[in-house]
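Beneath this line is the structure, given in structure tokens, with notes to follow.
The values are calculated or read from the model by the stated rules, or taken from the named source; none is laboratory data. Keep in mind that this is a model prediction, so the values were computed, not measured. We place every Cβ from the backbone using ideal geometry, glycine too, and count neighbours over all the protein chains shown. These accessible areas exclude ligands, DNA and RNA; they are computed on the full protein's heavy atoms, side chains included. Shrake-Rupley method; radii C 1.70, N 1.55, O 1.52, S 1.80 Å.
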Amino acid sequence: MPSAIVTGATGILGREIVSELGRSPQQWPTVHALSRSKKDEYPQNVVHNHIDLTSSAKEMAEQLKDVEGEYIFFAAYLAQDGEKEAADVNGAMLKNFLEALKINGADKKIKRVVLTTVTYPNDVIGVAKGNFMNLATSIGLYCAVSKELGNGDLVFPGSETFYTKFDCFTYSRLHASFNTWAALEPKASNQAFNVVNGDVESWQNLFPKLARKFGTKVKADMFASPPDKDAASIVQMAKRPPLADFAAERGLQDNKVLKQSAVEQRIDLIKWSQRDDVKAAWKKLAEREGLEHDAFEKATWGFLGFVLGRNFDLVISMSKARKAGWTGYVDSWDALSECLDELAEEKVLPKFE
Ligand SMILES: NC(=O)c1ccc[n+]([C@@H]2O[C@H](COP(=O)([O-])OP(=O)(O)OC[C@H]3O[C@@H](n4cnc5c(N)ncnc54)[C@H](OP(=O)(O)O)[C@@H]3O)[C@@H](O)[C@H]2O)c1
């Protein structure tokens, strides 16, 4: 029977990998869930071990004295301001962790290491507390507080362009099933895969459903007037889009599709979350409904602004995984709705009717 180690056990993706393995004690009799904090109670086949992945390999070897596993799911992540810093810090965490297992001789047992950054998730829909990138919690809080403000129907805070473009999402539970499949499937060895739900969605479809779930509706003419300059924001993205690397091969050299993209927010969510009337509405709502007071402060407004503010399609293929035998699929609205229900259970959002 295989044993497993999951790093990032409290994160939006790692937490679900631990739950997935925890649900199958016969298949996974020993699961080590590693993180600095412990936020959940675990079933009997899961042991939580404290670890700080920013410590040296030698220090980590001490912390990992009683930890070994045949399958490693590396889902830890420490956000940094720049991409290079993020690569350096997270790369060192992985390297030192593997080195620590080697110091302890636990490397000899390892059959496969699954890297969450290799499973390319996109716009993750899931539940976690106090993490860096959390779409469902922030959008749920935006809807609940907007309704509480009582300023009329719900307004999409992101880009008018993106509202009718396409996006693909990754449900954290589907991602967890994918990870266990990828750990055991011979064809998945040494491969990188996209992992998305398998449908293609658009906010013009999801946002009215979201509004209905919160007992309200979308403003009929929300893009009729120009954005309020004080409330809105535009941030330019990289001058050279990734497509530029393939432009000549695809016949797109000097084409307009290579123009610089931007993140456009009609309502900049960081500014919005700092408004006095918004904070007062949250306080009133949280007190009336008995919600966790710090949930609003912990919400990842910058991340949600980025997800809703892009002005280009994100259509992601699952063909490579399907060819290797993966058959998983989930409807993105069902995933979002399920997460919002869970957040209401956890008293982050008000109960739904
Ligand atoms: N969330 C998304 O929408 C999204 C989208 C695309 C790709 N991804 C990728 O998915 C991967 C996982 O990200 P995530 O969103 O799941 O991250 P997350 O929710 O922020 O979770 C990060 C995990 O890492 C742990 N961690 C952080 N620093 C640590 C340290 N020094 N020592 C030990 N554990 C530490 C945290 O636990 P403690 O704080 O308790 O230690 C937490 O369990 C990343 O590579 C990310 O780029 C995520």
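Any idea which of V46, V118, V113 is β-branched (V, I, T), near the ligand (Cβ under 10 Å from one of its atoms) and surrounded by 14 or more Cβ atoms within 10 Å (Cβ to Cβ)? Show your work before the answer.
Numbers: V46 fails: near the ligand (Cβ under 10 Å from one of its atoms); V113 fails: near the ligand (Cβ under 10 Å from one of its atoms).
Result of the check over V46, V118, V113: V118.
Here is a list of conditions, (1) within 22 Å of E201 (Cβ to Cβ); (2) at pLDDT 95 or above; (3) near the ligand (Cβ under 10 Å from one of its atoms), and I139 meets all of them except one; can you say which number that is?
(3)
Looking at (1) among the hydrophobic types (A, V, I, L, M, F, W, C); (2) within 14 Å of the ligand (Cβ to nearest atom); (3) open to solvent by 40 Å² or more (accessible area, probe 1.4 Å), which is the only condition I125 fails?
Tallying (1) among the hydrophobic types (A, V, I, L, M, F, W, C); (2) within 14 Å of the ligand (Cβ to nearest atom); (3) open to solvent by 40 Å² or more (accessible area, probe 1.4 Å), I125 fails exactly one: (3).
Looking only at the range 24-43, which residues are more than 18 Å from G11 (Cβ to Cβ) and either at pLDDT below 95 or surrounded by fewer than 16 Cβ atoms within 10 Å (Cβ to Cβ) (or both)? It would help to see each step written out before you state the result.
The first filter runs over the range 24-43 and keeps only residues more than 18 Å from G11 (Cβ to Cβ), leaving 24-30, 43.
S24, P25, Q26, Q27, P29, P43, listed by residue number.
Would you call K187 in a loop (DSSP other than H, G, I, E, B) and either within 27 Å of the chain's Cα centre (by Cα) or within 30 Å of L21 (Cα to Cα) (or both)? Give the derivation first.
Numbers: in a loop (DSSP other than H, G, I, E, B): no; either within 27 Å of the chain's Cα centre (by Cα) or within 30 Å of L21 (Cα to Cα) (or both): yes.
Considered against the rule, which asks whether it is in a loop (DSSP other than H, G, I, E, B) and either within 27 Å of the chain's Cα centre (by Cα) or within 30 Å of L21 (Cα to Cα) (or both), K187 comes out as no.
Looking at A79, A100, A86, A144, which is the one that is more than 10 Å from the ligand (Cβ to nearest atom), under 21 Å from R36 (Cβ atoms) and among the hydrophobic types (A, V, I, L, M, F, W, C)?
Values: A79 fails: more than 10 Å from the ligand (Cβ to nearest atom); A86 fails: more than 10 Å from the ligand (Cβ to nearest atom); A144 fails: under 21 Å from R36 (Cβ atoms).
Result of the check over A79, A100, A86, A144: A100.
Report, by residue number, each residue of the range 329-348 that is within 18 Å of the chain's Cα centre (by Cα) and either among the small types (G, A, S) or surrounded by 21 or more Cβ atoms within 10 Å (Cβ to Cβ) (or both).
Result: S332, A335, L336, S337, C339, L340, L343, V348.
Could you please tell me which pairs satisfy a Cβ distance under 6 Å, a separation of 6+ or placement on different chains, a first residue in the range 1-26 that is farther than 20 Å from L101 by Cβ, and a second residue that is among the charged types (D, E, K, R) and within 15 Å of the ligand (Cβ to nearest atom)?
If the second residue must be among the charged types (D, E, K, R) and within 15 Å of the ligand (Cβ to nearest atom), the pairs left are T10/K39; E16/R173.
Would you be able to say whether some residue in the range 152-174 is assigned to a helix (DSSP H, G or I) and either within 11 Å of the ligand (Cβ to nearest atom) or touching a Gly at 6+ places or on another chain (Cβ under 6 Å) (or both)? So that I can check it myself, show each step before the final result.
Filtering the range 152-174 for residues assigned to a helix (DSSP H, G or I) gives 160-163, 172-174.
From what is left, the residues that are either within 11 Å of the ligand (Cβ to nearest atom) or touching a Gly at 6+ places or on another chain (Cβ under 6 Å) (or both) are 172, 174.
The answer is yes; a qualifying residue exists.
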